[in-house]
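Below is one structure, written out as structure tokens; the observations come after it.
Every number here is computed from the coordinates shown, using simple stated rules; none is lab data. Since the model is a prediction, treat every value here as computed from it, not as a measurement. Methodologically, a virtual Cβ is constructed for each residue, glycine included, from the backbone with ideal geometry; neighbour enumeration extends over all protein chains shown.
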Amino acid sequence: FHTGGYEEHEGPGEGMTYNATVSYQIHEFDWRTKNARFQPTVELTFMLTIVDQDTGGTVPDVNFGALFRWRDFPWNHYIYTTCGVGGGLSYSFDDWQADIDKHPGEDRSQLKFWLNFQWTFVAPSHPEHQLVLFFDHQSGANIFDDGGVDSLGIGYRHLF
């Protein structure tokens, strides 16, 4: 799987991230055209990430932002699908080793911008159980620092 400029990291910063995300839908649009109806949503999203690095330590990381979720795909009666794109801020309680490794000799900021991309796939008969594919990017955007780190993964989402 290849996404844009994503490069798999190897070395001491290599490891796993464990995420717990809570989202709250703050608005549902109701857009109508002559032949169609579209109902995308806007969500507030909070994600706690535990970065389990191969250095033997873990780093807590918190992310907060907004996400725009498109839900109207023509194949939804077979596999209900959503696509979410969002952004916000990320704060790590320590520098990620992968971030240090990718930017040797540079000062790293624990505060970064957070970009979040999600695809969910659901059996229409069980809409509360969802498979999530995600790509997260944290970057200083040349404001907090130069460059950043990426996470790519798969997860489970449950609607309440």
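Can you check what the Kirkwood hydrodynamic radius comes to for the chain, Cα pairs only, in Å to one decimal? Intermediate results must be reported in sequence, preceding the final value.
Values: mean 1/r = 0.0588 Å⁻¹.
Result for the chain stands at 17.0 Å.
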_Euclidean distance between Cα centres, region 139-160 to region 72-108, Å_ = 2 Å
*With contacts defined as alpha carbon pairs under 8 Å and 6 or more residues apart, what's the relative contact order of region 25-111 in percent?*
22 percent
*Per the helix-only calculation at 222 nm, which mean residue ellipticity applies to the chain, given -39500 (n - 2.57) for every DSSP H run of n ≥ 4 and division by its residues, nearest 500 deg cm²/dmol?*
-1000 deg cm²/dmol
*Specify the longest stretch of the chain that does not include any exposed loop site, a site being one of the GluC sites (Glu not before Pro) with a non-H, G, I, E, B DSSP assignment and at most 13 other Cβ atoms within 10 Å.*
11-105
*Let me have the relative contact order for region 28-71, percent, based on Cα pairs under 8 Å that are six or more residues apart.*
38 percent
